[in-house]
Amino acid sequence: MKKNNTIKNIIFDFGGVILDIDPMQTLIALQELGFKDINRFEDQEFQANIIGKFERGIISPETFRNKVREFMQIKVCNQDLDDAWNALLFDIPEKRIRVLEEVKKNYSIYLLSNSNEIHFDMYLRDLQLRFGYHNFDLLFDKAYFSFDLHLNKPNPEIFEFVLDQHKMVPDQTLFIDDTLQHIETARSLGLHTYHLVKPEKVRDLFIDGMIRPDLIQ
């Protein structure tokens, strides 16, 4: 790889990078609502045809809720189901917002997140109420969410779309994500990548708003 002074753009993942998440909290919350077999949550049909379609904006929140109730065979109101679905989301740490503000002074920064409308509404309120940003496009040069694009990672097309929208050169672009499969796709397209793994924090990758010198060889 070339030296990090060739990097002009940084694409950040959201959950697990900017926002702390713990999917186990949603499983626990669903159990408390009456869902007994949490192993079914990993069922390929559920992941692909319900969560996957919701993440790509193929089905609406209302359809998603109905499908979840049917699949899990539980009777629960929309608010309780939304609360359980959002249980995995933590608050956005203020230190990470401040790091992004510093990084933006030196690079073009973008957000590329696999997300859905119910989660989005939750953490957008957090961004607005705690940090005064009306939307994510004010914090980043541009924010992209899978439910808006009708594409999700690791599909190469979602990366190609973002690169094309901003005429980004892959070799001048760093992609940071906590999911190895997403990293591998980005790398195959020629992007520089960094796989963020616990207990690392995204703020550890930067010094005074600049990419850490040893990060990219």
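Sorting the segments 16-23, 32-39 by their mean number of nearby beta carbons within 10 angstrom, highest to lowest, gives 16-23, 32-39.
Among the listed options [x] 32, 18, 16; [y] 35, 18, 15; [z] 35, 29, 18, the one matching semi-axes √(5λ) of the Cα gyration tensor in Å as calculated from these coordinates is [x]. Database remark: amide H of Tyr144 closer than 5 angstrom to the amide H of Leu111, Leu112, Ser113 (H placed geometrically; neighbours at sequence offset of 5 or more, or on other chains; Pro and chain starts carry no H).
Here the Karplus curve 6.51 cos²θ - 1.76 cosθ + 1.60, taken at θ = phi - 60°, turns the phi angles of segment 36-43 into couplings of 8, 9, 5, 5, 5, 4, 8, 4 Hz, with x standing for Gly and Pro.
Taking the chain as a Gaussian network of alpha-carbon nodes connected by springs under 10 Å, the highest mean-square fluctuation of the residues Gly15, Gly52, Gly132 belongs to Gly132. Considering only Lys142, Lys67, Lys105, the mean-square fluctuation computed in a Gaussian network model of the chain, springs between alpha carbons under 10 angstrom, is largest for Lys105.
Past the 30 Å Cα-Cα mark, which pairs from Lys105/Lys201; Lys167/Lys198; Lys8/Lys53; Lys67/Lys201; Lys67/Lys104? Distance filter (> 30 Å) returns Lys167/Lys198; Lys8/Lys53; Lys67/Lys201; Lys67/Lys104. Principal semi-axes of the equivalent ellipsoid, √(5λ) from the alpha carbon gyration tensor of segment 23-88, are 17, 13, 11 Å from largest down.
Across the chain, the mean sequence separation of Cα contacts (distance under 8 Å, 6 or more residues apart), normalised by length, yields a relative contact order of 31 percent.
Read-outs throughout are calculated quantities, based only on the coordinates presented, and are distinct from any laboratory measurement. All figures in this text were calculated on a predicted structure; none of them were measured in a lab. Every residue, glycine among them, receives a Cβ derived from its backbone with ideal geometry; neighbour counts consider all protein chains shown.
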